[in-house]
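K.L.:
Structure in structure tokens, see below.
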Amino acid sequence: MLLALESSCDETSAAVVHDGRVLANVVSSQIKLHAEYGGVVPELATREHLRNLLPVAQSALRAAQPVAAVCDRRSEDGRRSQSAAKDIDAIAATIGPGLPQALMIGARAAQAMAFALRKPFFGIHHHEAHLYSPWVTTANPKPETRNAKLQSDFSTFQPNVSLIVSGGHTMLVFVEAELKHHLLGSTVDDAAGECFDKAAKLMGLPYPGGPELDALAEQGDPRAFDFPRPMIRDLHDDFSFSGLKTSVRYFLRDQPFVLDDPDLVRDLCASVRAAIVDVLVTKTVRAAKRLGVRCVTASGGVTCNRALRKQLAEACAQNSLTLRLADKSLCTDNAAMVGILAERKLQRGTAPTSFDEEVKPSWPLVG
């Protein structure tokens with residue numbers, strides 16, 4: 001079994017995985033703490049990671065015990081083995097990219113534990129973990145496995161164009177094979193999630209703004225207002241959303257009365273969402289067609305957006321492309337995807353990471 005830790009931003013998470021199965025995935029969110037400030041405060045996030053990491057890891061190990069007991073063989077005296085720290089075969093943690101101090105909490109804890117237990121340590125790239133999260137599916141729990149609902153399935157793995165879209169990053173990646181990928185393009189300024197959040201903040205919506213905007217957009221008219229679709233016609237695979245954010249700002253400056261009408265606010269949310277989603281879907285499908293791949297995947301926090309999931313599905317169906325979307329429980333920061341990737345690396349003979357490896361806050365995604 002493998003224990004994985006994640007602390008790259010404002011969520012502390014620990015997971016236990018075994019043979020591609022997620023035995024436990026515990027996430028402690030800091031949304032309520034940072035809501036007062038309208039965004040993540042790095043110092044507060046670090047403090048909360050320090051406070052939460054040990055109980056979160058202990059909770060994950062306890063939650064994995066009933067499942068681990070049936071995964072392991074019976075011991076000679078007929079008793080089933082129980083999951084504990086001594087039963088862990090390897091330990092992994094996100095070491096980048098992310099907030100420097102936050103990354104250090106999870107990484108240093110994992111390195112210390114691996115050193116003390118004389119187990120291999122794997123430092124995982126947060127975005128690379130996202131790349132493979134769409135291959136972890138939710139299955140109906142079997143009676144003997146109880147809460148083991150997440151299971152990786154790489155038997156149907158195929159080359160794909162992967163969209164990773166979150167509050168801090170928007171990128172397209174060509175995944176040629178397992179553990180072999182190539183960055184096609186990324187945002188040159190604001191990420192899509194950042195645009196969602198900042199547009200929502202301009203409208204006075206509560207933090208986190210992206211989900212609030214998405215919920216209101218469901219009841220609005222996406223054609224009510226015409227906002228720009230940055231770089232949608234450009235043939236390269238980069239993104240830009242700062243101009244769209246600025247367009248929303250000027251729109252509200254010139255038409256402030258919109259915020260006084262709930263119906264117009266819903267239309268505004270729907271129109272902003274439509275502009276962002278159109279860009280993401282168009283560029284993703286176009287890249288897949290250009291490269292001749294038949295599969296598209298999407299992951300990251302913004303993949304929870306209802307319009308994005310729906311329009312990606314429609315566009316892929318129209319172009320005879322297979323679509324794999326990350327389970328919503330794995331879209332935001334979590335240790336399960338970190339553990340699944342680390343286990344694949346372990347099984348494929350990838351060399352462990354040094355116990356004194358430094359965190360990499362700006363670690364680029366390379367194949």
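K.L.:
In which sequence would 88, 31 go, from the one with the fewest C-beta neighbours within 10 Å to the one with the most? Please list the in-between numbers first.
P.N.:
Numbers: 88 19, 31 13.
Ranking 88, 31 by Cβ neighbours within 10 Å, fewest first, gives 31, 88.
K.L.:
Projected area of the range 160-293, taken from the Cα convex hull and averaged over every viewing direction, in nm²? Working shown, then result.
P.N.:
Numbers: hull surface 33.0 nm².
Approximately 8.3 nm², given one-decimal rounding.
K.L.:
Turning to a different aspect of this structure: Based on alpha-carbon atoms only, what is the radius of gyration of the range 213-267 relative to the globular estimate 2.2 N^0.38 Å?
P.N.:
Values: Rg = 13.1 Å, N = 55, 2.2 N^0.38 = 10.1 Å.
Rg over 2.2 N^0.38 Å, computed on Cα atoms: 1.30.
K.L.:
Moving on. What does the charge dipole of the chain about its Cα centre add up to, to the nearest 20 debye, if the Cβ of each Lys and Arg holds +1 and the Cβ of each Asp and Glu holds -1?
P.N.:
Numbers: 41 positive and 42 negative charges, 198 e Å.
Value, rounded to 20: 960 debye.
K.L.:
Can you order the peptides 210-222, 252-264 by their average number of other Cβ atoms within 10 Å per residue, highest first?
P.N.:
Numbers: 210-222: 19.3, 252-264: 11.8.
Put in order of decreasing packing, that is 210-222, 252-264.
K.L.:
Show me 346-352, 188-194 ranked by packing, highest mean number of other Cβ atoms within 10 Å first. The partial results should precede the final answer.
P.N.:
Details: 346-352: 11.6, 188-194: 21.3.
The densest-packed peptide leads the list: 188-194, 346-352.
K.L.:
Still on this structure: Report the local net charge at residue 277: Lys and Arg +1, Asp and Glu -1, summed over other residues whose C-beta lies under 14 Å from its C-beta. Walk me through the numbers on the way to the answer.
P.N.:
Numbers: positive: 223, 229, 273, 283, 306, 309, 310; negative: 214, 218, 278, 314.
Its environment carries a net charge of +3.
K.L.:
Sticking with this structure for a sec: Given the peptides 197-207, 17-27, arrange them by the average over their residues of other C-beta atoms within 10 Å, most packed first. Can you show the working numbers first?
P.N.:
Numbers: 197-207: 19.4, 17-27: 23.3.
Packing order, densest peptide first, comes out as 17-27, 197-207.
K.L.:
Within the chain, which complete DSSP H helices have Cα atoms spanning at least 24 Å along the helix axis and a mean Kyte-Doolittle hydropathy of 0.0 or higher?
P.N.:
Helix filter hits for the chain: 42-71, 100-117, 262-291.
K.L.:
Is it possible to state the helix-based mean residue ellipticity at 222 nm for the chain, with each DSSP H run of 4+ residues giving -39500 (n - 2.57), the sum divided by total residues, to the nearest 500 deg cm²/dmol? What is it? Write down the numbers at each step before the final one.
P.N.:
On the way: 10 runs with 149 residues, N = 367.
Rounded to the nearest 500, it is -13500 deg cm²/dmol.
K.L.:
Can you put 29, 166 in order of Cβ neighbours within 10 angstrom, beginning with the fewest? Intermediate values should be presented prior to the final figure.
P.N.:
On the way: 29 15, 166 24.
Fewest-to-most Cβ neighbours within 10 Å comes out as 29, 166.
K.L.:
I've got another one for you. Give me the percent of DSSP beta bridges within the chain that run antiparallel, rounded to the nearest 5.
P.N.:
Details: 31 of 49 bridges.
Here the share of antiparallel DSSP bridges comes out near 65 percent.
K.L.:
Further question: GNM, the chain, Cα, under 10 Å: largest mean-square fluctuation among 182, 125, 169?
P.N.:
The residue that fluctuates most here is 182.
K.L.:
Give me a comma-separated list of calculated 3J(HN,Hα) values for the range 159-172, in order, Karplus coefficients 6.51, -1.76, 1.60 applied at θ = phi - 60°, integers in Hz, x for any Gly or Pro.
P.N.:
Those phi angles translate into x, 8, 9, 10, 9, 10, 9, 8, x, x, 9, 9, 8, 10 Hz.
K.L.:
If neighbour count is taken as other Cβ atoms inside 10 Å, put 299, 152, 362 in order from fewest to most. The partial results should precede the final answer.
P.N.:
Working: 299 27, 152 23, 362 8.
The order, fewest Cβ neighbours first, is 362, 152, 299.
K.L.:
Report, for the range 160-293, the % of DSSP beta bridges that are antiparallel, rounded to 5.
P.N.:
Working: 12 of 13 bridges.
About 90 percent, rounded to the nearest 5.
K.L.:
Please list log₁₀ I(q)/I(0) at q = 0.07, 0.14 Å⁻¹ for the chain, using the Debye equation with identical point scatterers on the alpha-carbon positions.
P.N.:
Cα-only, vacuum Debye calculation for the chain: -0.32, -1.17.
K.L.:
Among 118, 324, 294, which one moves the most in a GNM of the chain with springs linking Cα atoms closer than 10 Å?
P.N.:
Of 118, 324, 294, the Gaussian network model singles out 118 as fluctuating most.
K.L.:
For the range 25-39, just list the computed ³J(HN,Hα) in residue order, Karplus coefficients 6.51, -1.76 and 1.60, θ = phi - 60°, integers in Hz, with x standing in for Gly and Pro.
P.N.:
Using θ = phi - 60°, the values come out as 8, 10, 10, 10, 8, 10, 4, 4, 5, 7, 4, 4, 9, x, x Hz.
Any read-out appearing in this document is the output of simple, stated calculations on the displayed coordinates, not a laboratory observation. These numbers were taken from a predicted model, which means no experiment stands behind them. Glycine gets a Cβ as well: all are built from the backbone with ideal geometry, and neighbour counts include every protein chain shown.
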